Amino acid sequence: MRKLPGGIRHLPDYFDRAEQQALVDAIRLVVAEAPLFVPRMPKTGKPMSVRMTNCGPLGWVTDKERGYRYQPHHPETGNPWPAIPERLLALWRDVAEYEKPPQACLVNFYTDAAKMGLHQDKDEQEFQAPVVSVSLGDTCLFRVGGQERSDPTMSFKLNSGDVVVLGGQGRLAYHGVDRIYPATSTLLKNGGRINLTLRRVTP
Ligand code: SIN
Ligand code: FE2
């Protein structure tokens, strides 16, 4: 297998089918309480192609006026975010190698045409904790590089049930999603891909 950049771990098939189904059911409850919203780029207001929501004490949001940030309430309903499902907290305890629990779980929903440009996750104050990512539903092509945008990148597929950990020297690695492979999973009734990322925001 190819060598991933330092600090990046890919754990294929971490969740079996039954666990994936249980996670989808838990995320459906989250979305019922905290509806998906369209994130917008700072300054330009250009919509991103994913729709998102969060669970946990904090959630990541972005809009034209105030840009990227964490906040304790949903940007449209004003309600606190729902709790992070226990199975995701257990995942963090298993793989994060960080004592405190995650504070935010960003939920990204990708339709067939959605993607995510190369970026760093750097809106947190704590970079000692990793970002832990779960893929559910259709396969995607994930791209990861180094800490500089100009560093070489490599790409690999993430399937439903896979986990990726960006930790250590990989914590600030550039990463993104080049494309979704439609109809590659039967997990989500209407297709598409869900990505969950667990983050620690404050030390
Ligand atoms: C993200 O970087 O927030 C999402 C990554 C992914 O969808 O795998
Ligand atoms: Fe990210």
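Consider Y70 carefully, then state whether it is within 16 Å of ligand 2 (Cβ to nearest atom) and among the hydroxyl-bearing types (S, T, Y).
Details: within 16 Å of ligand 2 (Cβ to nearest atom): yes; among the hydroxyl-bearing types (S, T, Y): yes.
Criteria met by Y70.
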Condition check for L187: open to solvent by less than 40 Å² (accessible area, probe 1.4 Å) and within 16 Å of ligand 2 (Cβ to nearest atom)
no
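Return the residue satisfying two criteria in turn: it lies in the range 87-101 and is touching a residue at least 12 places away in the same chain (Cβ under 8 Å) and hydrophobic (A, V, I, L, M, F, W, C), and of such residues it is most open to solvent (accessible area, probe 1.4 Å).
Narrowing the range 87-101 to residues touching a residue at least 12 places away in the same chain (Cβ under 8 Å): 87-89, 91-92, 95-98, 100-101.
Filter once more, keeping what is hydrophobic (A, V, I, L, M, F, W, C): 88-89, 91-92, 95-96.
Details: L88: 0, L89: 42, L91: 0, W92: 4, V95: 7, A96: 8 Å².
Across the range 87-101, the extreme among qualifying residues is L89.
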Which one is most open to solvent (accessible area, probe 1.4 Å) among residues in the range 102-123 that are near ligand 1 (Cβ under 10 Å from one of its atoms) and not in a strand (DSSP E or B)?
K115
Within the range 58-82, considering residues that are open to solvent by 30 Å² or more (accessible area, probe 1.4 Å) and within 16 Å of the chain's Cα centre (by Cα), the one nearest to Y14 (Cα to Cα):
L58
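Okay, residues lined up against (1) part of a strand (DSSP E or B); (2) surrounded by fewer than 21 Cβ atoms within 10 Å (Cβ to Cβ); (3) within 16 Å of ligand 2 (Cβ to nearest atom):
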| residue | (1), (2), (3) |
| --- | --- |
| S135 | yes, no, yes |
| G146 | no, yes, yes |
| R149 | no, yes, yes |
| S160 | no, no, no |
| V165 | yes, no, yes |
| Q169 | no, yes, no |
| L172 | no, yes, yes |
| G176 | yes, yes, yes |
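The values are calculated or read from the model by the stated rules, or taken from the named source; none is laboratory data. What you see is a predicted model, and the numbers here were worked out from it, not measured in a lab. So basically every Cβ, Gly included, is an ideal-geometry build from the backbone, and we count neighbours across all protein chains shown. Please note that ligands, DNA and RNA were not included when accessible areas were found on the heavy atoms of the full protein model with its side chains. Shrake-Rupley method; radii C 1.70, N 1.55, O 1.52, S 1.80 Å.
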